[in-house]
Each structure stands twice: as C-alpha cells, then as structure tokens.
1. I need the trypsin sites (Lys or Arg not before Pro) found in the range 224-298, filtered to DSSP loop residues with at most 12 other beta carbons within 10 Å of theirs.
2. Are there GluC sites (Glu not before Pro) in the range 169-263 that DSSP puts in a loop and that have at most 15 other Cβ atoms within 10 Å, and which ones?
3. By how many nm would the segment from residue 236 to residue 199 grow when fully extended, if each residue of separation counts as 0.36 nm and the alpha-carbon distance is taken off?
4. With just the Cα atoms of the range 236-337, tell me how far they stretch along each of the three principal axes, in Å, largest first.
5. Which values, in whole Å and largest first, are the semi-axes of the equivalent ellipsoid of the chain obtained as the square root of 5 times each eigenvalue of the Cα gyration tensor?
6. So how far apart, in nm, are the two label points at residue 147 and residue 99 if each is 7 Å from Cα heading toward Cβ?
7. What FRET efficiency would be calculated for the residue pair residue 30, residue 304, taking the C-beta separation as r and a Förster radius of 45 Å, to the nearest 0.05?
8. Using helices alone, what [θ] at 222 nm do you get for the chain, with -39,500 (n - 2.57) per DSSP H run of 4 or more residues, divided over all residues and rounded to the nearest 500?
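Values in this text are rule-based calculations from the coordinates and carry no lab data. Predicted, not measured: the structure shown is a model, and the values here were computed from it. Heads up, the Cβs are rebuilt from the backbone with ideal geometry, glycines too, and the neighbour counts pull from every protein chain shown.
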Amino acid sequence: MLKQNHRAWVEIDLSAIKHNVHQLKSLLGAPTELMAIVKADAYGHGAIDVSQTAIEAGAAWLGVATIPEGIQLRCAGITAPIAILGATNGVDEIKAIAEYRLQPTICNPKQALIYHDVLSTIGEKVPVHLKIDTGMSRLGVNWQEAIDFVQLVQHLPNLEIMSVYSHFATADDSDRSFMQLQAQRFEQVIAALKSEGIYPPRIHICNTASMLCDRKIHYDIVRTGLGIYGLYPAPHLKNTVDLRPALTVKARITQVKEIKAGTSVSYGRSFIAPQDMTMATVAIGYADGIPRGLSNRIRVAVNNQKVAQIGTITMDQCAIDVTHVPNVHVGDVVTFLGGASENTADDWANLLGTISWEILCGFKHRLPRINVTNAIDDRQPAIWETTATN
C-alpha cells in the first residue's frame, strides 16, 4: 500500500464557494432561487463537497449535465432537487431518472412522448424542465413552436412541468443586442403561454453573466456556474460583485540540478539555457491539466518567489528556473494556479485563446482534491512510504 504526500494536487477553498454563493444571492430578489451548476465535477472543484457547501450557503437547486453526475450526488446523501441540463432519451436513462428522483430536461415532443411511454410502463411520474431554444440552437424546441410543445407535455399525465427555460448564447458579450433579442423571444413565449391559461411554476433563463448584468430577467431561478467558483464570465462584469477564486493547483519538486549555458531543456529543445542555471523538475504535466500550450509562457511560485516555467511541458512533468531562489529542495511545493502564483484561470485562458471554464475543467482526476482546511503544508517534505501486503 502506498502512502504519499501527493506529487500534485488541487486545493479547494470551500469558504470561498460559500462566500460566492452569498454574494450572488445578495443580488437576487426574495422570490428568486439560485441553482448551483455543479456539472463536470463542479468545474473540477469536486461535485459532492461543492454541492453540499452551496446548499448550506443557500442554493435551492443543483444543476448537472448527465445522469451519473446526478446519481453521484444522490448516493452522497444530497436530497436537494437536481436538474439534468443535458438531453436524455434512452429507456434505461429514464428509469434511472425516476429511481434517483432526478429532474430531466425535455427538449422536443418526441422526447416527451418517449418519456411518457416509459414512465407509464413503470408507474412513475417525473418532474421535468422544458427547454425553449431562443437562439442558442443547441437543445430545445424552437421558440416559435413552444406553445404546442408545452401544451403537449401538459397533457401527458406522467410528466409534471417543473419549469420552462432557455439559455443565452452571448450573455458574456459587452454587446447585449442578441441577448436582448433572446430575452424578448422568451418573454413572448411566456406571454403566449399565459394567454392560453398556462402558467409554468417557474421560468428561468439567466446564467452567471446574464444575472450579473440584468436583474429584470432573474425570474424564478438563476443558474450560476462560473461565479460560484469565483471567476467572472467577462472583464466588464468584474465590478458587479465580490467573488473569490476557490481553486489552487500545486505540485512537488522531484529533482534539482545545475545545467550549463547552452543546455536544452525538455522535448523539442524549446528552451536553451542562456547561462549556467539551477533547474527543478516538478511532478505535474499536461496529463494533469497543465496545458502544453503554456510551455515557456507562465510563471509559478516556489518558496514565495515567482519563477519561470522552462522547456516543453510534458505528460507528467515540467521544469522551472530556480537559479535565484535559495534553498530549493526535493519535496518543495510549487504553486501553478491561484495562491502565491497569482495566476488565474483567466490568465491562462487569455494566453491560450480559450475560456476559463476550459481551464478549470481540465484538471484531471489523478490530482486529488483537498479542502484547504486539510491542506498540505507547503513546507512539509514529500514522503513516499510503501507497505507490502501479502
């Protein structure tokens, strides 16, 4: 059996998650509830702990993308309503949704009829969320066909309409014209439903970006993902609320060595030492979620000093320049993202031409998630102890 003070890991500050939920809820009127989006293992932060923390902080709903994500939360003892935001169609999927008391998204009439037929055979009734496509063109029935769709579902006795909702395509854009067009289409759908005597129990359209820029469309639920994890969907939204990043990525040094001027470092010889240097190898790489495209482009922190990452980032390892950092040893901790590094997911995303969501979701599961209350002391040396078992 192997005991170790981890080669590399992700630290999660659950107090930051709680703070962010409180901050986001402070923007909501009393009737509006907050749905914490915890899909993709809570954007890499650990779905169970984040869900429990968000609920304690006042989130009324949880949102996931897949059935297994919902089942994981139910098996952890979480009883809050869980909405599945992805499409589900199979017989076994529908039975699992009923068994684990999940609430699926219904996107079109055919899917609704499949659900009704399967649920009829097992004698179950399931609450559902009806998705209206107002311009995202991903899931949902076209907004111009929404009335017939909602009326159909309303007459299927094994489906209980829990909400009608849509999703913005450009809410994080400073140009709000298309977002406003989508909001107008959604308002037209809701008004048309009411004219037919149909009053959905809940309506919702806001993600984090839209909830920060327009309180008039908070409606009954806001679906907050990125904001819960302490990041802003766009630079122009940074002054709207006080958010704290919750994730820090760390790894240990596994070797320290002297290299001569002219020595190349790592695959492809992308870095050539301009002078005699001290180099440290760190046990983390692109298989852990440090993008290879950041090679030779980022600074990290060791012993409270900023240093450059050098050479090509490889699958499991990378190198840093510690020439000017005294007393660097094997086992010392290097902070790559958050914390002393002062790097944010936005910084990395900007360097790579991508979005912070992708950075957060990229940290792989071979990196343990450790709550900061149980955080590893950066000064503690690495200890690998192997115990043989028969």
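1. 260
2. Filter output for the range 169-263: 196.
3. 9.8 nm
4. 50, 29, 23
5. The answer is 46, 23, 18 Å, longest axis first.
6. Going by the 7 Å Cα→Cβ label model, 4.1 nm.
7. According to the calculation, E is roughly 0.50.
8. -8000 deg cm²/dmol
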